[in-house]
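Enquirer: I'd like to ask you about the structure that follows.
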Amino acid sequence: MLVSPSLLSADFLHIGDAVRLLNAHADLIHLDLMDGVLVPNLSFGFSVSDAVCSAAAIPTDAHLMTVHPWRWFAHLQRKGVRYISFHLEAAGGDAAQHLAALRGMGVKAGLAIDPDVPVHKLYPYIGMADFFVIMSVYAGFGGQKFIPESIGRIAALKSEILRRGDSALIEVDGGVSVSNAQALREAGAGILVAGSAVFGAPDPAAVIRSLKRPAVR
Ligand code: DX5
Ligand code: ZN
């Protein structure tokens, strides 16, 4: 299980400390980029993500919650971002082209959907994506409550990926915590994103360790 803590919930007055913590304990660093159009919030832009990339010793994982996501691919790739996901809702009919563009740049290509998009809408892209992002909250804010129906969506996508003999990973983003990590693993998740569960904890490194190896129920 890969753990990709989201810096959205870190203390932005001490972002360097957060990056050093993740370098030592996490698998990936999740960067949430929002434009206030696709989602009703702004997060941070390239001045922050570039600084994080320059200090990252582990791969960075950019989650584009923007319209026209392709505009930002080349910049992120140049700064060394290794995983880039964008939303099907933002890409419409161009999703296949965007996934191919990312792969062509040598980046892991990810396709995300919000909870109100039927999971079967992802099936045509199996074989074109390196990972799929199942949002388990509506994209836009950290600290929301996990939507339990996400478990069934992950399981359905996982079985379709396996049925087609593909190896794409499923990343789960939103409301992920130590209490649902085992169920997410069993459903087929391969990457867990967690913001508030990690940075809101007194011992973030311990939470990352538990997310990596959830206790057997
Ligand atoms: C939400 C972001 C998430 C967010 C997760 O739109 O995509 O990555 O930071 O935060 P938590 O883990 O607190 O739900
Ligand atoms: Zn995210």
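Enquirer: Evaluate the charge dipole of the chain about its Cα centre and quote only its size in Debye, nearest 20, assuming +1 on the Cβ of each Lys and Arg and -1 on the Cβ of each Asp and Glu.
Expert: Approximately 540 debye in magnitude.
Enquirer: Between Leu42 and Tyr138, what is the spin-label point distance in nm, taking each point 7 Å from the Cα along the Cα→C-beta axis?
Expert: So the label points at Leu42 and Tyr138 sit 2.1 nm apart.
Enquirer: What FRET efficiency comes out for Ala201 versus Ala96 if R0 is 45 angstrom and r is the Cβ-Cβ distance? Round to the nearest 0.05.
Expert: My answer for the efficiency is 0.70.
Enquirer: Also: Under a GNM of the chain (C-alpha, springs under 10 Å), which listed residue has the highest mean-square fluctuation: Ile15, Ile151, Ile84?
Expert: Taking springs between Cα atoms under 10 Å, the residue moving most is Ile15.
Enquirer: Continuing with this model, one more query. Could you give the length gained by full extension between Arg164 and Met1, i.e. 0.36 nm per residue of separation minus their alpha carbon distance, to one decimal place?
Expert: Full extension of this stretch gives 56.5 nm more.
Enquirer: Which GluC sites (Glu not before Pro) from region 130-207 combine a DSSP loop assignment with at most 15 other Cβ atoms within 10 Å?
Expert: Glu149
Enquirer: If each DSSP helix of 4+ residues adds -39,500 (n - 2.57) and the sum is divided by the residues in the chain, what number results at 222 nm, nearest 500 deg cm²/dmol?
Expert: Here the helix-only value at 222 nm equals -9500 deg cm²/dmol.
Enquirer: OK, next. So which residue, out of Gly142, Gly200, Gly165, gets the largest mean-square fluctuation from a GNM of the chain using Cα contacts under 10 Å as springs?
Expert: Checking each option, the largest mean-square fluctuation is seen for Gly165.
Enquirer: Ok, one more. With the dipole of region 1-91 worked out from charges on the C-beta (+1 for Lys and Arg, -1 for Asp and Glu) around the Cα centre, which of Ile84, Ala18, Leu7 lies farthest toward the positive end?
Expert: The listed residue farthest towards the positive side: Ile84.
Enquirer: Please work out the average accessible area per residue across region 2-212, using the 1.4 Å probe convention, and give it in Å².
Expert: 41 Å²
Enquirer: Please report the antiparallel percentage of the DSSP beta bridges confined to the chain, to the nearest 5.
Expert: 5 percent
Enquirer: What FRET efficiency comes out for Met105 versus Asn23 if R0 is 22 angstrom and r is the Cβ-Cβ distance? Round to the nearest 0.05.
Expert: Rounded to the nearest 0.05, the efficiency is 0.40.
Enquirer: Could you work out what % of the accessible surface of region 2-212 is carbon and sulfur, using a 1.4 angstrom probe and leaving DNA, RNA and ligands out of the count?
Expert: 56 percent
Enquirer: With springs only between Cα atoms under 10 Å, which of Val37, Val119, Val137 fluctuates most in a Gaussian network model of the chain?
Expert: With Cα springs under 10 Å in the chain, the top fluctuation among Val37, Val119, Val137 is at Val37.
The values are calculated or read from the model by the stated rules, or taken from the named source; none is laboratory data. What you are looking at is a predicted structure, and each value in this text was computed from that prediction instead of being measured. Heads up, the Cβs are rebuilt from the backbone with ideal geometry, glycines too, and the neighbour counts pull from every protein chain shown. Accessible surface areas use protein heavy atoms only, side chains included; no ligands, DNA or RNA. Shrake-Rupley method; radii C 1.70, N 1.55, O 1.52, S 1.80 Å.
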